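Working notes, structure below.
The values are calculated or read from the model by the stated rules, or taken from the named source; none is laboratory data. The shown structure was predicted, so the numbers you read here are calculated from the model rather than taken from an experiment. Counting neighbours? That spans all protein chains shown, and the Cβs are built from the backbone with ideal geometry, glycine included.
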Amino acid sequence: MKGDTRRRIAIVLVFVLVWVVVGRAELVGDYGKLLATTIAFNAIAVLSISTLAGATGIWSLGHTAFIALGAYLCANLAKMQIPLELIVPAVAAAAAAVGYFLGLSAGRFSILYFGLLTLAVALTSMEIIGRMIGYTGGDQGMPMPPVPSWLLQRNLNSRDALTVALALGAIVFVITDIIIKGSRGRRWRAIKSHRMASISMGLVPHQENALAFALSAAIASAAGIAGALAIGYLEPESFNLDAGVMLIVATVVGGIASFWGAVLGAAFVVGTPEVFRGLHDVSAFALGFVMVAVLLFMPRGVVPALIALLCWSRQRAPAAAQAKHAQHAQPDAADDHEQLAQRITALAAQLMPAAKSALVVENLSVSFGGLKALSDVSLQVPPGQTIGLIGPNGAGKTTLLNVLSGYVTSSSCKQLQLGQADLAAVAHYRRLRQGFGRTFQHAELFNELTIREMLMVAASVGRTQALGAAAGVLTPEQITQLILEGLDLNEVAERFPDELPFGIQKVADIGRILAIGPSLVALDEPFSGLDHSETRELRAILLGMKAAGVSILIIDHAVHEVFNIADQVVVLDFGQVIASGTPREIQRNPDVQRAYFGSVAHPTKEDAAHA
Amino acid sequence: MDVIPVIVSGIASGSAYALLALGIVIIFRSTDTVHFAIGDTGTLVVYIAALAVAQGAPLMVALVISLLLGGLIGSATQRLLIRPLGHRRNIVFIALVVTIGLGLLIRALIGAVWGHQATPFPPLISGSVSIAGVVIAANKLLATGIALCAMLLVGWFFGRTALGAAMRASAEDPFAARLIGLNADRIALLSWFLGCSLATLALFFLAAESSLTPTLANHPLFRAFAGVFLGGLTSMPGAVAGGFAIGVLDNLAGRYVSANFRDTIVFGVIVAILFLRPAGFMGALRTERV
């Protein structure tokens, strides 16, 4: 929190400093001023691209369309004597609306198609600018009319361009920083890092991507306003695809999602042609060459690479080593184990809601091409019961879980109900709203979120969806803190998942499900990859959930653990249910033994002999 | 009614888009890279071919050398720029941006060496033919014929040869392909060779149709992308059909709606179609794995 404020103040100070040195002190001539103004509005434009890339992973080639929208709207509103102070929010809102609409449309496609569609937006906008001569001057372009300012009580002239560009820059950079670092930015980073896991938390990727697109469109329109004032003449050339490519070059070179990166990138694409003045091809060659080289050797961009280099020797190395050792507090006495187990059980019981409805799967079949992964599978998870699902590799366990999660569509299914809701009819991101939650075999945490940030998103977004009004009085911060303490994750709260050992990642995945609080939890191999004490901890958590009345569907190879905790066990083999019953019954079932061990033993005979 | 001539000339221009689209899809299937410099690669090669022709080389020879050279540049691109990127997260977009940078480089190189003025490029055959009441340059007709032959050849290669089957398998599941002993690196090189070679073929005839400029590839490449959208990024027949469809759609829009809103109309139609089929008509949506 403190660091965030400090960074934002620093950003504003930089803009003020440039304004004083370049604009007021007359230390540089008009050429220097123009250069500074150009870099400033380009930096805003680069920020729009890099914000989108950082938040969603989408590289837009079409943001020149929004820059153009900002510039032409500004010109036309200024003609109507509307002051700049009103133009800026109006234009930003208009651009955001257009961006949201486009984003929502494109969000139905994969993010790659999304990126390619921005290309279409750029081309289309060029044609529209060319035709709407009354508002744009067509191919000839139009001079910028005088823009009135309400604060200055006069019309702005070209000398004010630097001030406007810097002021807009400061505002845009700070607002963007607040959004990206805030709860909305956390959601975007969650989706970007792991789309499926974010869906299982109830996040809706295409809506969130559209919002991010809207934000970046608004930023781009601000760049358009600043640029229009600086250049004083609008022509379509400035907004063509080459300009879009330049912004990509700047973003790549500077590095995404970074203030200094945007400024450096803008300075680079503005400065290079100035250095090679008159040698257009040489400058284009230099831009292309540096961009490819940066991508090959500094994939995160120059600024992040420099920062990493600076921090590496001081912080990163010891931090990583420390994290490796940051095991859970290892209780050595059996009493401590008991206490830990009780504490975790109580925590799980406190955070999880009791299930009221049953999960019913009836005659479910799934085939991939000609291969039948599941055929006619039926099972039930009555409210508050724990059902174990076991079976050899390839039996179809994970497929079944993926059908429940909505990642795989069944070929035929008589019934797939959770309470009143027909799960099959509900989109995957809405299944949490019906109370269905899941964990992942490989933890699947969000690489760009710290453990604390992940729990915060889960406790805010996920919990509201899973529980609605029943979410209770605890704030997301309180829930996060309870889980961090209860699961001994406090020490690793500020770390990113890939810095942590696998066992801790799995515990954090369980923490995520506690934060969300679904009434039915499907656990995909929760015990795999855990050490002895983590296994104990997980057992305590599962007992706690059971005590709270949560329905549990547990899929695992650790048959022993499943038998210990499950009320009923279902055995799958070759996509079919071969047995179901209480753990005791299953243990004695000859079909199950055959499925697991081949035809080795003849337990019935031996049993008979012993008896 | 003059709809037939419009369609005929649409198919003729569509053959170039289809070739480019096919190249894009072959490369994307093999390495998950959307190759934005595929057209610029072709343009560069045609400039070099023009040099050879000026030295007295027969056009047919120049064409064959061009196809080889285009393919080699493609393979070199994969080897030197794409493979070193490795398997990072979000690699699809990073590789895409690298090829954008390469396109910038190639255009700057052409501009520096040959300048920005349009230079004429000779057609393989001259004269014109009249089909269904529309007069088409014989060279354009030949281009369409050669393009069709090339597509059939590609279809035969992927459908009937062992190597083609291996390449398809590798595109479906690189990991499994490696497990059964297919050399993924070599397959990637071959795909890039094939893709860029097809693009060069398209550019070779496009240059004769108008003339050589550094940005010759821009316009057809966007059309080709439109075709790829339509057919799906992963389907070769889809890309070919999409390319031809865009050629026809473009001509229809230019003739009957407005010549000034060609891009807008073409992309408008595509977006509408994508709404119905988000993965394109023949492509498969890539599913993520847990």
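Here are the numbers:
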read-out: Test for A:Ala250: is it surrounded by fewer than 21 Cβ atoms within 10 Å (Cβ to Cβ) and within 14 Å of chain B (Cβ to nearest Cβ); value: no
read-out: Residue selected from the stretch A:190-213 under the condition surrounded by fewer than 24 Cβ atoms within 10 Å (Cβ to Cβ) and within 30 Å of A:Ala71 (Cα to Cα), by the criterion modelled with the highest pLDDT; value: A:Leu211
read-out: Selected residue [of a type in the set (S, T, N, Q) and out of contact with any helix residue (DSSP H, G or I) (no Cβ under 7 Å at 6 or more places or on another chain)] from B:Ser197, B:Ser210; value: B:Ser210
read-out: Selected residue [under 25 Å from the mean Cα position of the chain (by Cα), modelled with pLDDT under 90 and away from every other protein chain (no Cβ under 12 Å)] from A:Gly107, A:Gly103; value: A:Gly103
read-out: Criterion violated by A:Ala522 - all others in (1) within 14 Å of another protein chain (Cβ to nearest Cβ); (2) assigned to a helix (DSSP H, G or I) satisfied; value: (2)
read-out: Pairs with Cβ under 7 Å, 6+ apart, first in the stretch A:491-505 and polar (S, T, N, Q), second surrounded by 18 or more Cβ atoms within 10 Å (Cβ to Cβ); value: A:Gln505/A:Ala443; A:Gln505/A:Leu445; A:Gln505/A:Pro497
read-out: Filter result for A:Leu168 (in contact with a strand residue (DSSP E or B) (Cβ under 8 Å, 6 or more places away or on another chain), within 30 Å of A:Ile9 (Cα to Cα), away from chain B (no Cβ under 13 Å) and not polar (S, T, N, Q)); value: no
read-out: Test: residue in the stretch A:364-381 that is among the hydroxyl-bearing types (Ser, Thr, Tyr) and under 30 Å from A:Glu534 (Cβ atoms); value: no
read-out: Elements of type helices (runs of 4 or more DSSP H) contained in the stretch B:185-290, each with 1 or more residues being buried (at least 17 other Cβ atoms within 10 Å of the Cβ) and at pLDDT 85 or above; value: B:218-231, B:236-252
read-out: So A:Thr56, is it surrounded by fewer than 23 Cβ atoms within 10 Å (Cβ to Cβ) and hydroxyl-bearing (Ser, Thr, Tyr); value: no
read-out: Helices (runs of 4 or more DSSP H) (entirely within the stretch A:381-481) containing at least 3 residues that are more than 14 Å from every other protein chain (Cβ to nearest Cβ) and surrounded by 17 or more Cβ atoms within 10 Å (Cβ to Cβ); value: A:451-457, A:463-467
read-out: Lone unmet requirement of (1) surrounded by fewer than 23 Cβ atoms within 10 Å (Cβ to Cβ); (2) in a strand (DSSP E or B); (3) out of contact with any helix residue (DSSP H, G or I) (no Cβ under 7 Å at 6 or more places or on another chain) for A:Val366; value: (3)
read-out: Single residue of the stretch A:266-288 satisfying the filter (of a type in the set (A, V, I, L, M) and surrounded by 15 or more Cβ atoms within 10 Å (Cβ to Cβ)) that is nearest to A:Val46 (Cα to Cα); value: A:Ala266
read-out: Tally, over the stretch A:277-316, of residues that are more than 23 Å from B:Ile91 (Cα to Cα) and at pLDDT 80 or above; value: 5
read-out: Filtered residue count, the stretch B:118-162, keeping only those that are polar (S, T, N, Q) and without any contact (Cβ under 8 Å) to a residue 60 or more places away in the chain; value: 4
read-out: Positions within the stretch A:145-193 being outside any helix (DSSP H, G or I) and over 30 Å from A:Glu235 (Cβ atoms), in sequence order; value: A:Gln153, A:Gly182
read-out: Residue within the stretch A:162-179 that is of a type in the set (Ser, Thr, Tyr), touching a residue at least 60 places away in the same chain (Cβ under 8 Å) and either touching a Gly at 6+ places or on another chain (Cβ under 8 Å) or not assigned by TED's automatic domain parsing to the domain that holds A:Ser221 (or both) present; value: yes
read-out: Selection from the stretch A:37-52 of residues that are more than 23 Å from the chain's Cα centre (by Cα) and not aliphatic (A, V, I, L, M); value: A:Thr37, A:Thr38, A:Phe41, A:Asn42
read-out: Flag for A:Thr64 being in the same structural domain as A:Leu166 (by TED's automatic domain parsing) and at pLDDT 90 or above; value: yes
read-out: Pick from the stretch B:106-123, criterion buried (at least 21 other Cβ atoms within 10 Å of the Cβ) and in a helix (DSSP H, G or I), ranking: nearest to the other protein chains (Cβ to nearest Cβ); value: B:Ala108
read-out: Qualifying residue in the stretch B:158-167 (condition: under 22 Å from B:Phe244 (Cα atoms), at pLDDT 85 or above and surrounded by 15 or more Cβ atoms within 10 Å (Cβ to Cβ)); value: yes
read-out: Options A:Tyr113, A:Tyr31, A:Tyr72: the member that is of a type in the set (Phe, Trp, Tyr), in the same structural domain as A:Asp177 (by TED's automatic domain parsing) and modelled with pLDDT of 90 or more; value: A:Tyr72
read-out: Cross-chain or 6+ apart pairs with Cβ under 6 Å, the stretch B:255-275 first and more than 10 Å from chain A (Cβ to nearest Cβ), then modelled with pLDDT of 80 or more; value: B:Arg255/B:Val6; B:Val257/B:Ile265
read-out: Flag for A:Gly134 being without any contact (Cβ under 8 Å) to a residue 24 or more places away in the chain, more than 10 Å from chain B (Cβ to nearest Cβ) and assigned to a helix (DSSP H, G or I); value: yes
